[in-house]
Structures are given as C-alpha cells and as structure tokens.
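Remarks on the structure that follows.
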Amino acid sequence: MKHDIVLYDYEGSPCARRVKIFLIEKGIPFRTQIVNLSKMEQKSPEYLEINPNGLVPALSHNGKVIFESSVINDYIEDLFPKVTIIPATVAGKIEAKKWENYELAMANVYRPLMYSRFMGPLHHLACTKQEFLEISAQATDNGAYLAWQEKVWDLKVLTLEEQAEHQKKLAQFVDLVERRLENRTYLIDERFGSADVSVYPRLTMIPLIGIKINKYTYPNVTAWIERISQRRSIRMTYTESEKSMKKLSDMGITKLINRILYKRSELSMMDRLCVKALKPILRNKLKISESLLIKNKRKMEFLESSPQDADLSAKSRALKIDDSTLKEPLMFYGYTGSPVSDRVVTLCRLLDVEYSHIEIDMKSMEHTKPPYKYLNPSSELPLLLHGDTVVHDSLFIAEYLCHYAKSTRSIKHEYFSKDSQEQASIRMWNAFDMGMRKEYRPIFFAHINGENLSSLERSRCLEILSEKMRYLNDQLSDRDFLVTDRVTYADLLLFTRLASFSELGIDECINSLDGISEWMKSISLHVKGQDKKKSVRKKRKSKAESA
C-alpha cells in the first residue's frame, strides 16, 4: 500500500514539530513543504485553500488534506496503528486530551509573547516598517492580516505590563508540568506518548522568551527534557532555525534587544552602537534584502501529495467507558450563551442525556478563579465531571457523551463516525471553528461586559470572520451538510457559533450567504425535529407508567 504524505511545515513551529515527531516515531516517510510564517505565506490565498485557518501544520495524504496538529496526529494514529502513541485506555485518552488542552491554552498565551519578545524585536531591528509590510504584502492583501504585521513591527502586540502577566501565566504552566513529573518518567503511563509530544515542543521554546528552565528552577522538567531529547524523533526534528534562536537567547542577544527597544528613556551611546552592529547581522539572517527583490504580490506554489490507490479507510478508535463510571452522575460546567458550551448542551438534549448544569459566570471571570480553576488549571470552559473523571474540551466532551449515550441506551442518530476519514473531517471543522477564536472572543467579551470595541478593531475582526464565512459558504455550495449525508457534530458546533452572530450584532458576516442560510435552516429543523420526537417519546412513557 503506497502512501504519499506532504507536511506543510515551518522551522521553529512547535505545532508542526509534534506532527513530525509522530510520523518519525511511527516510521512513516514524508516530504515537507515550508510555509514561511514571517513572510505571511500562511495567509496567502493559495495556502488558505489548504488550511482555512492559515496556520501550520497541515498534511496532504494521497490527495486528502488534514489540518491542525492534534487532528493530524489522531488521524495518523487511526491509520497507522502498528506503533501506538496515544493511550489505549479511556482514562489514558482523557488524560492525554487534558494535556493537549493545557498546551493549547498555554499556546494562546505564548504566541503573543513570542511576537512581542522575539519575532517583533528581531524584525524591528532588521528592517524598516515599510520593508516588513512590503514583504508581507507579497503573500496577502488582506488589510486585517497586514494590520497585525504592522502591530508586530511596532512592538504593540502586548504592553510591558501585559508581557509580565503573560510570562506569569506561562510560569504557572511550567509549574504544573513540574508537579506532574514528580516521581514520574513521562506525563502519562510511564511511557513516552502523545501527552509528551503535545507539551515538549513548546515547553522547550519557553526559555526563548524569558523563563529559565534548569535543574535548579525546574529539576523534574529538566530531567524530562533531557530524557526525551535522546529520542531519535526529537533529534531529527530539532531544526537549524531553532538552534539559531536558542543561540541568540543563550548569548543574551534577544534580552539585550528587548531592553533597548522597550526602553522608555533616551538610548545611550552604547545602545545605539549595539543597534548599529546588530542590524546588518539580523538583516542577513532573516534574508530581508533577498525578500525585497520580489516587487509584486506573488502566487504561492505549494507541493501536494499525489492521489494513490491506497485504501485510506480505517476505524476510528472508540472510547470504552467502564461500567462503574457509567453509573456515576454527569455534571456539566458551562456558560449559557457561549457557543462552546451551548453546542454540548444541544447535543445532550438530542441524545436525551441527563446531567446537572453548573453555570460558570464568564462575565465575572469565574472560570479563572478557584474552585473552577482547581478542576481546569487552563481556565477554559466547558468541562464535564463524570464521577471522578474530568473531561476537558467541548469536542472531546461531545465524543465522550456520544459513547456514554451508546453505552446506556439505543441511539438512532450518530453525530460522530467510526470511519477515520469522516472523524478527521468532523475534528477539522472543530479546528476551523476554534480558528475564529482570536477574532470572535473580543466581540463576545465586549458584548457580555456591555462594552464597545473600537471601530477599527471591530472592522478588522469582521474582515477575517467574513473571509472564514465565505469559505464555509463555498464548502456548502455542493452539499447539504458539512461532512457526510447526515447531520454530524461538525454541523452542530458551527451552527451554535453562527447562531450567536445575531445577538453579537455581527450577522452581516453571513446575511448575504445563501449556502449558509439554507444550511442553518436545515440544522435548525433537525434540532427541533429531534426535540419533538423526544417530547412524543416522553409522553408515551408517561402514559405507559400511569396505566
């Protein structure tokens, strides 16, 4: 069976690195296509056709594209099961998913700090703002994306106070890993697995932005890093770019640059001499002059895998909840009005699953404080508590609930799939939905707090959301539902997101899109129809009991 695999990669991307680690651990050959993030190639129209989120990694397998690192790794695990990396037990899977979500929460804190302390300062010193934007404009003419690049060069991604707060949050994450590794060799099951793959690539980059990890500050983490670093997959994926970044950090160059550029007083003579000496070195290292030779917006050309005759069908791994846990009550922590909470509530209603609802007030930031923070240190909603089992992440909660429902009753409608291809598609649509987070959350929090975004910030958020909605509308041009010929969880999750647009006052993003309009009506009818059937069943049951 022949497999042609192309990984869309960027040296220094921890997300892409974890996929490479997976592929190497499983002995799967692959080719790479570099997508240069510093030049905004990930936001080019050509790459957005591959990954509408405009991120790396993406993977093309025999002509089929999968994007988002955790989705790709789940897909690889299903299709190539000979070497297992994801735990086989339900407890192990839940624990692995927990660490995956801790890492995701950390990434949302890490990225702006990385732009503030590393990428922004290096480019600010290496080139002028005009040059930086000229290079970015070769890949995209989207105003919102270019405005972000301007913010990066201007060193306005985070204020100094916000940088300190982000660093504090990252240190808390490293503390969490340190405690977990007390008397442990790896994060789960005393064997190298998917949790380690999720956490290692980004954790080892944290020192680049100011957090020291050594045997004195974090002895358990340091020993774990040294242990994992011996693996062939880790050595093979440690790129020259990462080595250069580490060298700049170890020599104190990045710290020096940050001290100079963020200085609130006039630069000293020594500061100016340092800037003069470093500028040509960084300009050469980042290939600024070479990039400026291209004067026009260029059409990006990306490798794609070749369609093959290989059978890509495989069974997606099922969760098997033990009988003792099935008897325990379900407790759901969520915020009414949040799409990621509402979609799980909708699914519970459709599955006729009974649960206790605990409302967490996001307006007062209750999700960031004890006692909820004890359940989820990443402070993300929603969360499911099933006996002593804590399940994170709305998608994984939904998968868990579907398996729970099938284990306790007869289910007539499947919202997930046993087929790995379909399951990957459902998970990709979830990744697409979560890709709106950066633009959606400012609007959402402004709404629940009764505040107003600046017209400029709002218009930039709407520009990107509208672009994503046009992509969704195009996908619906020749199909009734997102994944297959029936409603799946992919439809439910995006339905709940788009259903909130009206209340937030951003329905202009979808009002003129006929494909989305018809699809929304279909999903609404499905939800109401299932509710009606459930009501009839309950009436019949009540009559039978009274008789």
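Place +1 on the Cβ of every Lys and Arg and -1 on the Cβ of every Asp and Glu in the chain, take the dipole about the Cα centre, and give the residue among 453, 5, 220 whose Cα lies farthest towards its positive end.
The one lying farthest along the dipole's positive direction is 220.
Straight distance only, please: which lysines reach the Cα of residue 412 with their own Cα at less than 18 Å, same-chain residues fewer than 8 apart left out?
528, 532, 533, 534, 538, 541
Within the chain, what percent of beta bridges assigned by DSSP are antiparallel, to the nearest 5?
Approximately 70 percent, going by the DSSP bridge assignments.
Could you pull out every residue, at least 5 positions away or on a different chain, whose amide H is within less than 5 Å of the one on residue 419? Hs are placed 1.01 Å off N in the peptide plane, and Pro or chain starts have none.
Long-range HN contacts for residue 419: 316.
For residue 330, enumerate residues with amide H under 5 Å from its amide H, sequence gap 5+ or separate chain, H modeled in the peptide plane.
356
Rounded to whole Å, give me the distance from the Cα center of the range 428-443 to that of the range 145-201.
20 Å
When we measure straight from the Cα of residue 315, which aspartates and glutamates land under 16 angstrom away, once same-chain ones fewer than 8 places off are left out?
74, 77, 78, 399, 414, 419, 422
Suppose R0 equals 51 Å; then what is the FRET efficiency for residue 214 and residue 323 from their Cβ-Cβ distance, rounded to the nearest 0.05?
The computed FRET efficiency comes out at 0.65.
Let a ≥ b ≥ c be the square roots of the eigenvalues of the Cα gyration tensor of the range 161-306; is it rounded (a/c under 1.5), or, if not, prolate (a/b larger than b/c) or oblate?
Cα axes put the range 161-306 in the oblate bin.
In whole Hz, what ³J(HN,Hα) sequence does the range 171-187 give by Karplus (6.51, -1.76, 1.60; θ = phi - 60°), x for Gly and Pro?
These are the phi-based 3J(HN,Hα) values: 4, 5, 5, 5, 4, 4, 5, 4, 5, 4, 8, 4, 6, 10, 8, 10, 5 Hz.
Tally the DSSP beta bridges in the range 5-79 and give the antiparallel ones as a percent, rounded to 5.
65 percent
Which loop chymotrypsin sites (Phe, Trp or Tyr not before Pro) in the range 143-252, with loop taken from DSSP, have no more than 13 other Cβ atoms within 10 angstrom of their Cβ?
Qualifying residues, ordered by number: 216.
Among bridges DSSP assigns within the range 323-408, what percent are antiparallel (round to 5)?
The antiparallel proportion sits near 65 percent.
Tell me the relative contact order for the chain as a rounded percent, counting alpha carbon contacts under 8 Å between residues six or more apart.
Relative contact order comes out at 17 percent.
Between exposed GluC sites (Glu not before Pro) in the chain, where DSSP calls loop and at most 12 other Cβ atoms lie within 10 Å, what's the longest gap?
1-181
In the range 192-254, which trypsin sites (Lys or Arg not before Pro) fall in coil by DSSP and have 15 or fewer other Cβ atoms within 10 Å?
Of the trypsin sites (Lys or Arg not before Pro), the ones in loops of the range 192-254 whose Cβ has at most 15 other Cβ atoms within 10 Å are 212, 215.
What list of ³J(HN,Hα) values in whole Hz, one per residue of the range 361-372 in order, does the Karplus curve 6.51 cos²θ - 1.76 cosθ + 1.60 (θ = phi - 60°) give from phi, with Gly and Pro shown as x?
These are the phi-based 3J(HN,Hα) values: 7, 6, 4, 8, 6, 4, 6, 9, 10, x, x, 4 Hz.
Any idea what angle helix 194-203 forms with the longest principal axis of the chain, computed on alpha-carbon atoms, 0 to 90 degrees, nearest 10?
30 degrees
Extending each Cα 7 Å along its Cβ direction at residue 418 and residue 46, get the distance between those two points in nm, one decimal.
4.2 nm
Only sites in a loop by DSSP and with at most 14 other Cβ atoms within 10 Å count here; which trypsin sites (Lys or Arg not before Pro) in the range 351-436 make the cut?
In loop regions of the range 351-436 (DSSP not H, G, I, E or B), the sparsely surrounded trypsin sites (Lys or Arg not before Pro) are 363, 409, 412, 418.
Angle check, please: helix 489-499 long axis (alpha carbons) against the longest principal axis of the chain (alpha carbons), in degrees 0 to 90, nearest 10.
The angle comes out at about 70 degrees.
Hey, which lysines would be in cross-link range of residue 243, C-alpha to C-alpha under 21 Å, not counting anything within fewer than 8 residues on its own chain?
Within reach: 20, 39, 212, 215, 255, 279, 285, 287.
Using only Cα atoms and rounding to the nearest 10 degrees, what angle (0 to 90) does helix 339-351 make with the longest principal axis of the chain?
Once rounded, one gets 20 degrees.
Please list the radius of gyration and Dmax for the range 88-132, considering alpha-carbon atoms only, with Å as the unit.
Calculated on Cα positions, Rg and Dmax stand at 17.8, 54 Å.
For the range 437-537, rounded, prolate or oblate, judged on the Cα gyration tensor with a ≥ b ≥ c (square roots of eigenvalues), a/c < 1.5 rounded, else prolate if a/b > b/c?
It comes out oblate by the Cα gyration axes.
Expressed as a whole number of Å, what is the distance separating the alpha-carbon centroids of the range 242-277 and the range 3-75?
The distance from the Cα centre of the range 3-75 to that of the range 242-277 comes to 33 Å.
Taking a ≥ b ≥ c as the square roots of the eigenvalues of the Cα gyration tensor of the range 395-449, is the shape rounded (a/c under 1.5), prolate (a/b larger than b/c) or oblate?
oblate
Once both labels are modelled 7 Å past Cα along the beta-carbon direction, what's the residue 266-residue 175 spacing in nm?
4.2 nm
Taking Cα extents along the principal axes in Å as the quantity of interest, determine which of (i) 110, 63, 46; (ii) 94, 57, 55; (iii) 72, 56, 53 was computed from the displayed structure.
Answer by label: (ii).
Can you show me the helix-derived [θ] at 222 nm for the chain, built from DSSP H runs with n ≥ 4 at -39,500 (n - 2.57) apiece and divided by the number of residues, rounded to the nearest 500.
-17000 deg cm²/dmol
Mind checking the dipole of the range 26-183: about its Cα centre, +1 per Lys or Arg Cβ, -1 per Asp or Glu Cβ, Debye to the nearest 20?
Its charge dipole is roughly 320 debye.
If you put +1 on each Lys and Arg Cβ and -1 on each Asp and Glu Cβ, how big is the dipole of the chain around its Cα centre, in Debye rounded to 20?
Charge dipole of the chain: 920 debye, to the nearest 20.
All of the numbers you see were taken from the coordinates with simple rules; none came from a lab. Quick caveat: nothing in here was measured; it's all calculated off a predicted structure. Virtual Cβ from ideal backbone geometry, glycine too; neighbours counted across all protein chains shown.
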